[in-house]
Amino acid sequence: MTRGKICFLITSVFLIGGFFIFASRIWAAESDLQITEIMCDPSGSDTKNEWVEIKNSGASPLEIVGGSSAIAWRLFDGSNHTFSTSTILEAGEYCAVVQDEATFASNYPNYWGKILKSSFSLSNASGTVALRVGSDGPLWSEVNYSNSWGASGNSKTLEKKDETGFGTADNWQESYVVGGTPGAVKSEALITPPAPLESISTSTGSNYHIKINEIYPVTATSAEKEWVEFFNPATSTANLAGWTLQDNSSTTTLGGEIISGGFLVLEFSSRFNNSGDIVILKNSVGEIIDQISYGNFDDDNLMDNAPAPSIGESLARSSDGSDTDFDKSDFALTLTPTKSQSNVITLLPEQMENSSSAASSGGSANLLAASYGKIFINEFVADPNSGEKEWLELYNNSAEEINLNNWRLEEGSEEQTFLQGTIKPHGYFVVYSPKGNLNNSGDVIFLYDAFGRLVDRVAYGNWNDGNISDNASAPYDSKSAGRKNFESGVNKESWAVCATPTLGNFNVFLAEDYSADNSSVNNNTPPISSCIIINEIFPNPKGSDQEGEFIELKNIGTEKINLQNFYLLNSSRRKYKFASSTFIGLGEFLVVKRKESNLILKNNAENLELYDSDNRLLDRATFEDTALDGVSWARAGTTSSLWDWTVAVTPGRENIMVPPNSLPLVAVSLPSVVLTGEEIVFDASDSFDPDNNPLGFFWDFGDGTNGEGEIVNHIYQTKGNKKISLVVKDNQGGEVKQALKIYVETDEEENIAVVSSKNSVNSAAKKIKSLVVASLDKISALAPLTMVKTKGVVKVPPGNFSTQMFFIVDPLSGAGLPVYMNSRDFPPIKIGDEVEVTGELGTYLGTVRVKIKEKKDIDILSIDNLKEPLAVNTGDIDDDKFFSLVQMEGEVLETGSGYFYLGDEMGEIQVQLKSRTGLKGKVASVGDKVKVTGIIGKSKDTWVLWPRGAEDVNILDVGKPIDNGTTADVTEKYLTATAGGVTSLLLALLAKGRGAIAKAIAFGFIGKIAFWKKRDKV
């Protein structure tokens, strides 16, 4: 292949690639990035106080290119202004473009979104704002505003009503709030959040039955948090001050409150074992309130354990707060984690399989279940959009909760999907990706109960069940098929293609698909003329309930509806019937005030139902917790079955979900016994605010001194019990006070005991503390906080892995141990020094470590005791090798940032490259044969190997690339293939290119490629 040909192909790739990259940036920006809010005339000085809000209105992430290059983006106000830096906006994400970042942060302390700096200046009277790529690219999202639109010197903003609409005057409004709403939707429905309640009924007694409701122990990334959710099923608020959460290896002190029917979530960076653990909740006097064991954790009753979740799954109670004291029955895996919300059980088939012989299909298909006529197949999607899953929805048409454990679904190929969980009265149960495939053109679906008895079936499309003419229509192009009535049997009159999928909600059909002659109408699926929903209720307004309470209905159907003889029924069974000629138009709202209906909405729990003139239940709104003052209970979207509290009360308008302020959740790590003169770390860093508000931490150490910060250090000078107080405040006025205790003792004469080979302890006279002498291989049998003396050879010196830790190894047994000193004041020790250390036993990565106070706790016995590391393979790694110095040989299987995987004949292990060791970048390549020396450690319950430096990673044999021919041959094949791709792009450019220049470029390159190809054949 000639040099000229290679140069031509490379040039072609870069020129055409650059053309398309540049073009795609302009086209993507025009369709996705929008100017949505403008602060052009703040009160006072304009300098540093003006800003522009932009939003990615597309469905994909979008990069805004900063700097001054030819492809950098500009904000245009009559002149071009570049952005300070590049950033990526996720789909739906806002960004504030500001003149001065510090001033904006001071003006909007609660703004958490992205910020870009630019040197624009906006005219007060009228002006232009737009976006462009490059200095002369076409403008888009252009707004030619005027002070006649509003926001003239009153510190309000101009807001775009329809964020993807035109930039004309009729699509802009003055904000309803001073300062505007940077990083949020327009302000039309926003109101001031209510002040915290002065007093709430609380309970801290041992009879309080808080439930561990959901656990999320397996994260997809290191940045993601593990969490556990608690639920309060009682009728009063619970105060968790002094309560504790325990697992197999650690304890956390709790705080805060859970309102009746409310949730509390604690997050952790790394807490629970993936494969199995026990989680225990205790009250302030140490009584166990609730506990759960899952996976392979051995609590002497493994058969009762709940299953262990995988990545993306949580372990949730089948019904919030339900408890039979049988974990395997109470908890189920779900693909829909619902942190701080009611549990939803949605499972993949492989997690729902059950081998119960009672659920086998042999000879039972003709038996009808007792639940026949109660549970129905209600809706399904067989042809989802690309990347989405098939799903199927069940509906409970009865007034009783039904247990679905060991029920199963079966499709035409006899693939079976087993179910777990319960379905509430008039509730839904959703199954994603049922086993087998729901064929697009036609199939049959059976539902059987736990004893293999038929509950429901539906055949659709071209499935030949002996009566194809009676089949339901096949849903197509991501549409769903939905049940229109609950008649027995299956026929085409009972099902239709829905107007839109309504997962977890009532079915909505096109008018021509609904038959008004059905005698047994699906109460959950009202006809098109009755698509009236309860949209919002306001049970506890500020001031008089008589004056402020209301119920809001909405028509989501396709025509105007007369509500004559429709009625509302509250939990006290009082009825309000609508008068004749009470019409509600398409998409309109109807607000029913208490003064009109005389319906009282309870503040502590309510169940409101809506019926049509034929006594069919159309909708219900239910809450079981206490309604806060000035907060409404609203549907989170027209087609959503999810409800939540919102401070944005919107009678007669679309709901805006603005949750009330949540109190901070406090978690404190603190030793129970300390010494005078010892520096103690008070750590509240696991505390968090459910609303992501910034938190302040204020400590009273109980000795007349105070401190601030989530992690603080303190030294006690006197002995005795210390009562500590921590107050955690958010910036919305919420605060939680946590009471703690610590005991301070002084050093006293130590009594020395020796641990024999049988781990027995021979002690002398009883003292406050005893010093136990033990070898490294015996030390793990001692209790935490034991004072110990042990010795070993330094294998990792201070500053190598950590500035506060070094590692010693027993030269005889190979056992290892980390030694920790908070002050970092180590004597000069190096690899090979034999040392004796005296300190207190603590924990590190789930096993023991020794904590020393000062350098005099280390005695250097000898130097240069160098010994070869222990040669092992991956199959030899167990608890006895924890913190041992080992050497392993194998092949590099995978590389990444800061790690690689080493594999041998017994398995594989991750080699982690710690930053302080100087091991950076790519130290080995896939296929290399390597010998690695290092310390055995753990990361997320998985064994890892920590080399100490470059000398610990030795390449024995470099991996060889696959030989596919000479370099010239490979180059020609690669560039020829690339040229083929370029040709395809050029043909596309020829078909869709803008203007004669683009077409000329295309013809020129295609002609040149054809010339080279022809010459090769000569």
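The values are calculated or read from the model by the stated rules, or taken from the named source; none is laboratory data. Computed from a predicted model, the values in this text were never measured in an experiment. Cβ placement follows ideal geometry from the backbone for every residue including glycine, while neighbour counts extend to all protein chains displayed. Just so you know, the surface numbers come from the protein's heavy atoms only, side chains and all, with ligands and any DNA or RNA stripped out. Shrake-Rupley method; radii C 1.70, N 1.55, O 1.52, S 1.80 Å.
Data table
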read-out	value
Any chance Ser572 is farther than 30 Å from Tyr395 by Cα and outside any strand (DSSP E or B)	no
Residues of the stretch 122-138 classified as over 15 Å from Thr157 (Cα atoms) and open to solvent by 60 Å² or more (accessible area, probe 1.4 Å), total	3
Residue in the stretch 388-397 that is more than 19 Å from Gly442 (Cβ to Cβ), at pLDDT below 85 and of a type outside the set (Val, Ile, Thr) present	yes
Among the candidates Ala359, Ala370, residue that is at pLDDT below 80, outside the structural domain of Ser398 (by the TED database) and crowded, with 16+ Cβ neighbours inside 10 Å	Ala359
Flag for Pro818 being under 24 Å from Asp952 (Cα atoms), exposed (fewer than 15 other Cβ atoms within 10 Å of the Cβ) and modelled with pLDDT of 90 or more	no
Set Lys542, Lys560, Lys575: member being open to solvent by 50 Å² or more (accessible area, probe 1.4 Å), in contact with a Gly (Cβ under 8 Å, 6 or more places away or on another chain) and free of Cβ contacts under 8 Å to residues at least 40 places away in the same chain	Lys560
Output for the stretch 662-686, where each listed residue is within 18 Å of Ala238 (Cβ to Cβ) and either surrounded by fewer than 18 Cβ atoms within 10 Å (Cβ to Cβ) or not hydrophobic (A, V, I, L, M, F, W, C) (or both)	Ser662, Pro664
Qualifying positions in the stretch 788-815 - closer than 14 Å to Leu841 by Cβ and open to solvent by 30 Å² or more (accessible area, probe 1.4 Å)	Lys789
Residues satisfying the stated conditions in the stretch 20-63, i.e. open to solvent by 10 Å² or more (accessible area, probe 1.4 Å), among the hydroxyl-bearing types (Ser, Thr, Tyr) and modelled with pLDDT of 85 or more	Thr47, Ser57
Selection within the stretch 806-822 - under 37 Å from the mean Cα position of the chain (by Cα) and over 13 Å from Ile935 (Cα atoms)	Val819, Tyr820, Met821, Asn822
Residue that is modelled with the highest pLDDT, among those in the stretch 802-815 that are hydrophobic (A, V, I, L, M, F, W, C) and out of contact with any Gly (no Cβ under 7 Å at 6 or more places or on another chain)	Phe806
Selected residue (only one of Val848, Val886, Val930 is out of contact with any Lys or Arg (no Cβ under 8 Å at 6 or more places or on another chain), of a type outside the set (S, T, N, Q), over 30 Å from Asp277 (Cβ atoms) and surrounded by 20 or more Cβ atoms within 10 Å (Cβ to Cβ))	Val930
Number of the exception - Asn110 against (1) among the polar types (S, T, N, Q); (2) at pLDDT 90 or above; (3) within 35 Å of the chain's Cα centre (by Cα)	(2)
Scan of the stretch 457-480 for residues that are modelled with pLDDT under 85, touching a strand residue (DSSP E or B) at 6+ places or on another chain (Cβ under 8 Å) and charged (D, E, K, R), ordered by number	Asp465, Asp470
Output for the stretch 275-293, where each listed residue is out of contact with any helix residue (DSSP H, G or I) (no Cβ under 7 Å at 6 or more places or on another chain) and open to solvent by less than 50 Å² (accessible area, probe 1.4 Å)	Gly276, Asp277, Ile278, Val279, Ile280, Leu281, Lys282, Asn283, Gly286, Ile289, Asp290
Subset of the stretch 64-102 (residues that are assigned to a loop (DSSP other than H, G, I, E, B), of a type in the set (A, V, I, L, M, F, W, C) and open to solvent by 50 Å² or more (accessible area, probe 1.4 Å))	Ala70, Ile71, Ala91
Within the stretch 218-263, tally of residues that are crowded, with 21+ Cβ neighbours inside 10 Å, under 21 Å from Ser319 (Cβ atoms) and not hydrophobic (A, V, I, L, M, F, W, C)	2
Members of the stretch 405-437 that are of a type in the set (A, V, I, L, M, F, W, C), under 21 Å from Asn505 (Cα atoms) and in contact with a strand residue (DSSP E or B) (Cβ under 6 Å, 6 or more places away or on another chain)	Leu409, Ile423, Phe429, Val430, Val431
Hits in the stretch 824-845 - residues which are closer than 18 Å to Leu670 by Cα and either of a type outside the set (Val, Ile, Thr) or surrounded by 18 or more Cβ atoms within 10 Å (Cβ to Cβ) (or both)	Glu840, Leu841, Gly842, Tyr844, Leu845
Residue ID - modelled with the lowest pLDDT, chosen from residues in the stretch 541-563 that are in a loop (DSSP other than H, G, I, E, B) and touching a strand residue (DSSP E or B) at 6+ places or on another chain (Cβ under 9 Å)	Gly557
Count - residues of the stretch 62-114 that are out of contact with any Cys (no Cβ under 7 Å at 6 or more places or on another chain) and closer than 29 Å to Gly733 by Cβ	18
Yes/no for Met352 being within 25 Å of the chain's Cα centre (by Cα), at pLDDT below 75 and either surrounded by fewer than 21 Cβ atoms within 10 Å (Cβ to Cβ) or hydrophobic (A, V, I, L, M, F, W, C) (or both)	yes
The stretch 412-426, residues that are open to solvent by less than 10 Å² (accessible area, probe 1.4 Å) and either touching a His at 6+ places or on another chain (Cβ under 7 Å) or at negative phi (or both)	Thr417, Leu419, Ile423
Residues satisfying the stated conditions in the stretch 896-906, i.e. in a strand (DSSP E or B) and open to solvent by less than 50 Å² (accessible area, probe 1.4 Å)	Gly896, Phe900, Leu902, Gly903, Asp904
In the stretch 294-317, the residues that are outside any loop (DSSP other than H, G, I, E, B) and either free of Cβ contacts under 8 Å to residues at least 60 places away in the same chain or open to solvent by 30 Å² or more (accessible area, probe 1.4 Å) (or both)	Gly295, Leu302, Met303, Asp304, Ala306
So Leu568, is it in contact with a Ser or Thr (Cβ under 8 Å, 6 or more places away or on another chain) and of a type outside the set (Phe, Trp, Tyr)	yes
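Conditions tested, residue by residue: (1) surrounded by fewer than 20 Cβ atoms within 10 Å (Cβ to Cβ); (2) assigned to a loop (DSSP other than H, G, I, E, B); (3) in the same structural domain as Phe688 (by the TED database); (4) without any contact (Cβ under 8 Å) to a residue 60 or more places away in the chain.
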{"position": "Asp629", "(1), (2), (3), (4)": "yes, yes, no, no"}
{"position": "Ala634", "(1), (2), (3), (4)": "no, no, no, no"}
{"position": "Pro651", "(1), (2), (3), (4)": "yes, yes, no, no"}
{"position": "Met657", "(1), (2), (3), (4)": "yes, yes, no, yes"}
{"position": "Pro660", "(1), (2), (3), (4)": "yes, yes, no, no"}
